[in-house]
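One structure is given here, and the rest of the page talks about it.
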Amino acid sequence: MQNDFIIGTLDPRVLAGYNGWVMSEKRDYYEVLGVKKGASDDEIKKAFRKLAVQHHPDKGGDEAKFKEINEAYEVLKDSKKRQRYDQFGHAGVGGASGGGSYGGNPFGGFSGGGQNIHFDFGGGDFGDLGDIFSSFFGGGSSNRRGGSTGAGRGRDIETAINLTFEEAVFGVEKKIALNLDVLCNHCKGSSAEPGFSMKTCETCKGSGQEVRVINSLFGPIQQAQTCHACHGRGKTPEKSCIECVGKGVKREKQEINVKIPAGVDEGSTIRLSGRGEAVAGGVTGDLFVIIHVAPHKKFTREGDLILSEESISMVDAALGTELEVETIDGSLTMKIPAGTQSGTDFKLSGHGVPHLRGNGRGAQIITVNVETPTNLNRRQREILEQFQDAKNSRFFG
């Protein structure tokens, strides 16, 4: 039995950057939009609009180029993302900081622990997976491979798993319980009572289909449909199984272990091949598990980045200090240099989210906010006034 993982949140630029299955080096976002690093928001917007119209796929443009332009604009139009990009480069906005091989076909995924992991981009040119998100809870009944379920294939099932922020970052194994149609143990799915054989269906004569004649405005029309007697198998049992009454399947509660890989995000979809519903004489359907991630009280996530904030006093900002900060891996001490301004970002490499493809982890970006004191006592006010006088007298240069 094969377990496949469909990660619905994979950044589409993975496709755009492939060149012989090897990621090329990321271009500078300012270069992509054709603007200078100090460009204004209005200049960035105008450059984006011009390039977007020029390269839009609906107008015959290059789709990979269009995605690159859109990616650059999404970062540079946001003041916080732009600040982090200017300071840390691509690594500051959740992207890869350089080129690197992904080791093969992106649709082939990677393997580990007996599981193959595949990426599905959903919608657009990469296939319509809208039905994946049509019913998150309670299990769905749509067949994701198309067509009627019939006797050839059992139904695909959908369900959801709720994860904590930490479980999504580091991965976890979850057990779920579902009521599913499974092959009858008594007849092993044959639908015949043990000791009895199968015979050609008398209704469809072994074809598995019935032909009906429908009278229409254009005259009689023949319509083929699955045989109601044998359910498309072409055979019926000489004596029906006493356990499943000739169905070949029984409704039972199943406990299923789901291995969640490290780095999944909200909306990711995991497919477990052959863990859906069974059908007599056919192939068992698949189980699709939708991932929901609870928000964290301290951290937020942006791609493979973890974002957080810390506060320091005005004095510590001016003189410098050592600050104990919280990371997803635990507490650590970070050095704050003298003269730190409010809103300054610090990057902790390797403390972000593990990369779904390949090794390593993203970074944690810590924004330091400087607190302005309130309710000063007389002595504190005198000290600040002396500082102000000294500054005005150019004592500090």
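Of the residues making up the range 282-298, those that are assigned to a loop (DSSP other than H, G, I, E, B) and surrounded by fewer than 20 Cβ atoms within 10 Å (Cβ to Cβ) number 6. Restricting attention to the range 216-251, the residues that are more than 21 Å from Arg155 (Cα to Cα) and not basic (Lys, Arg) total 16.
Does Gly358 satisfy the condition of being out of contact with any Phe, Trp or Tyr (no Cβ under 8 Å at 6 or more places or on another chain) and either among the small types (Gly, Ala, Ser) or free of Cβ contacts under 8 Å to residues at least 60 places away in the same chain (or both)?
Values: out of contact with any Phe, Trp or Tyr (no Cβ under 8 Å at 6 or more places or on another chain): no; either among the small types (Gly, Ala, Ser) or free of Cβ contacts under 8 Å to residues at least 60 places away in the same chain (or both): yes.
So Gly358 does not fit the description; no.
I need the full set of residues from the range 49-64 which are open to solvent by less than 50 Å² (accessible area, probe 1.4 Å) and closer than 19 Å to Val35 by Cα, in order please. The answer is Leu51, Ala52, His55.
Determine, yes or no, whether Ile383 is under 22 Å from the mean Cα position of the chain (by Cα) and among the aliphatic types (A, V, I, L, M).
Numbers: under 22 Å from the mean Cα position of the chain (by Cα): no; among the aliphatic types (A, V, I, L, M): yes.
Spelling it out, it is not the case that Ile383 is under 22 Å from the mean Cα position of the chain (by Cα) and among the aliphatic types (A, V, I, L, M).
Which residues, counting only those in the range 168-182, are assigned to a strand (DSSP E or B) and surrounded by fewer than 20 Cβ atoms within 10 Å (Cβ to Cβ)? Talk me through it step by step, then tell me what you get.
We begin by selecting, within the range 168-182, every residue assigned to a strand (DSSP E or B); these are 172-182.
Scanning the range 168-182 gives Val172, Glu173, Lys174, Lys175, Ile176, Ala177, Leu178, Asn179, Val182.
Scan the range 83-95 and give yes if some residue there is farther than 16 Å from Ile365 by Cβ and either crowded, with 19+ Cβ neighbours inside 10 Å or not basic (Lys, Arg) (or both), otherwise no. No.
The values are calculated or read from the model by the stated rules, or taken from the named source; none is laboratory data. Remember, predicted model here, so these are calculated numbers, not experimental data. For neighbour counting, all protein chains shown are included, and Cβ atoms are generated from backbone atoms with ideal geometry for every residue, glycine included. Note: areas computed on protein heavy atoms with side chains; ligands, DNA, RNA excluded. Shrake-Rupley method; radii C 1.70, N 1.55, O 1.52, S 1.80 Å.
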